[in-house]
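Following: one structure in structure tokens, then a few remarks.
The values are calculated or read from the model by the stated rules, or taken from the named source; none is laboratory data. This one's a predicted model, so the numbers in the text were calculated from it and none came from an experiment. Using ideal geometry, Cβ is built from the backbone for each residue, glycine included, and neighbour counts are taken over all protein chains shown.
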């Protein structure tokens, strides 16, 4: 097993904000890239979301700032733009989720970058991507959920529901990192850089594409059924004596096991339940039967019976339940990482994929505000007096 990541020697400038851009850079950093997170002089907004440190640094920043060097910079001022040009000359990848006019003003548009380094890779992340009437709109994860059909088919017809976890943001970050890696591979072969473009709306439509294809083909006009699946059954959440569980079944063999567990063998001959889509169409009947069974048992009893029958099931867990979960602990899914101003180490989720030879790793905590500014400026040729002047002028 190598202790060096596959991207060792690659330098990434992270001008991202919030989740999609910064987490894209985090994934590259986990693989060994040197990532420089560049923030506003007073700190970027995403640093302070859900504050947990005595200086206001937030929980999300602990996650997406891992493995990065931290630098403050005002790229809108001439001296700041000079620093940007010097940084770009040393970089392989620039990541930004900023409007096109802001990119140009900061000297981060592709034409400006190529004038400094012709083989640069520019990874752009936006809400709606280029080429359509929404291109210049701003947006967050929730817009992707709302405008893709996902939110419409969650919740109920009376109350659409957005997922609490920003999965569109994290999905866009992951897809953008995958495409950035592909661009680095192409550059290794051809010597050419390129623009990589990710968009929240594109990610959201990718995730809901199946239901859109079904709608186009069959015009079913599905409406939300809360947690109950419409394409297989049993697949729903169920109240137990002391909590909630989710059971998710797809395929005939699993349905047969469930029928045996319920003691309803005649259901195997019922045409309403002949295949997954039929069971989904009549899922309310199946959910009602399982709901009665679960209501008489504790969550532990339900899960034990499901495991014995080899039916996929799990408890609906709170964040505290996650912290206390024995599998999470045994699998080492969280890495305790110290951070200045925290009363105890933060449980940072380890890289979500494993590699047997060159595993991605968390090597160090997120940077404090401007923690590595002086070091990076010195590498660019600035002396102590010049750095002090830049700081006095609020360039850094």
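Looking across 217, 224, one residue alone is under 34 Å from the mean Cα position of the chain (by Cα), at pLDDT 95 or above and either loosely packed, with under 13 Cβ neighbours inside 10 Å or assigned to a helix (DSSP H, G or I) (or both). It is 217. Within segment 296-320, being part of a helix (DSSP H, G or I), in contact with a strand residue (DSSP E or B) (Cβ under 6 Å, 6 or more places away or on another chain) and exposed (fewer than 14 other Cβ atoms within 10 Å of the Cβ) holds for no residue.
Determine, yes or no, whether residue 333 is surrounded by fewer than 17 Cβ atoms within 10 Å (Cβ to Cβ), closer than 22 Å to residue 44 by Cβ and touching a strand residue (DSSP E or B) at 6+ places or on another chain (Cβ under 9 Å). For residue 333, the condition - surrounded by fewer than 17 Cβ atoms within 10 Å (Cβ to Cβ), closer than 22 Å to residue 44 by Cβ and touching a strand residue (DSSP E or B) at 6+ places or on another chain (Cβ under 9 Å) - is not met. Answer yes or no: is there a residue in segment 227-245 that is free of Cβ contacts under 8 Å to residues at least 24 places away in the same chain and part of a helix (DSSP H, G or I). There is no residue in segment 227-245 that is free of Cβ contacts under 8 Å to residues at least 24 places away in the same chain and part of a helix (DSSP H, G or I).
Hey, any hits in segment 163-186 for a residue that's in contact (Cβ under 8 Å) with a residue 12 or more places away in the chain and more than 30 Å from residue 32 (Cα to Cα)? Within segment 163-186, one or more residues are in contact (Cβ under 8 Å) with a residue 12 or more places away in the chain and more than 30 Å from residue 32 (Cα to Cα). Just name the residue that is surrounded by the most Cβ atoms within 10 Å (Cβ to Cβ) out of those in segment 1-42 that are at pLDDT below 95 and over 17 Å from residue 63 (Cβ atoms). Among those residues, the one meeting the criterion is 5.
As a summary of the residue check, residue 257 satisfies the conditions (1) within 14 Å of residue 306 (Cα to Cα); (2) touching a strand residue (DSSP E or B) at 6+ places or on another chain (Cβ under 9 Å); (3) assigned to a helix (DSSP H, G or I) except for the one numbered (2).
Within segment 188-226, the set of residues being in the same structural domain as residue 109 (by TED's automatic domain parsing), touching a residue at least 24 places away in the same chain (Cβ under 8 Å) and more than 16 Å from residue 145 (Cβ to Cβ) comprises 191, 192, 193, 194, 195, 196, 197, 198. Among residues of segment 41-62 being touching a residue at least 60 places away in the same chain (Cβ under 8 Å) and within 14 Å of residue 16 (Cα to Cα), the one that is farthest from the chain's Cα centre (by Cα) is 43.
Okay, residues lined up against (1) over 24 Å from residue 337 (Cα atoms); (2) free of Cβ contacts under 8 Å to residues at least 60 places away in the same chain; (3) outside any loop (DSSP other than H, G, I, E, B):
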residue: 360; (1), (2), (3): no, no, no
residue: 369; (1), (2), (3): no, no, no
residue: 382; (1), (2), (3): yes, yes, no
residue: 391; (1), (2), (3): yes, yes, yes
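Assessment of segment 187-200 against the conditions (touching a strand residue (DSSP E or B) at 6+ places or on another chain (Cβ under 9 Å), surrounded by 13 or more Cβ atoms within 10 Å (Cβ to Cβ), part of a helix (DSSP H, G or I) and at pLDDT 95 or above) yields at least one matching residue. Just one residue in the set 168, 125 is under 18 Å from residue 209 (Cα atoms) and outside any loop (DSSP other than H, G, I, E, B); that residue is 168. Take residue 305 and decide whether it is without any contact (Cβ under 8 Å) to a residue 24 or more places away in the chain and either out of contact with any helix residue (DSSP H, G or I) (no Cβ under 6 Å at 6 or more places or on another chain) or closer than 30 Å to residue 242 by Cα (or both). Criteria not met by residue 305. Of 364, 327, all but one fail to be in a helix (DSSP H, G or I) and either under 24 Å from residue 165 (Cβ atoms) or under 25 Å from the mean Cα position of the chain (by Cα) (or both); the exception is 327.
Yes/no matrix, rows are residues, columns are (1) assigned by TED's automatic domain parsing to the domain that holds residue 360; (2) at pLDDT 95 or above; (3) buried (at least 19 other Cβ atoms within 10 Å of the Cβ):
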| residue | (1), (2), (3) |
| --- | --- |
| 125 | yes, yes, yes |
| 135 | yes, no, no |
| 141 | yes, yes, yes |
| 158 | yes, yes, no |
| 179 | yes, yes, no |
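Scanning segment 265-288 for residues that are more than 36 Å from the chain's Cα centre (by Cα) and assigned to a helix (DSSP H, G or I), we see that the one that is surrounded by the most Cβ atoms within 10 Å (Cβ to Cβ) is 273.
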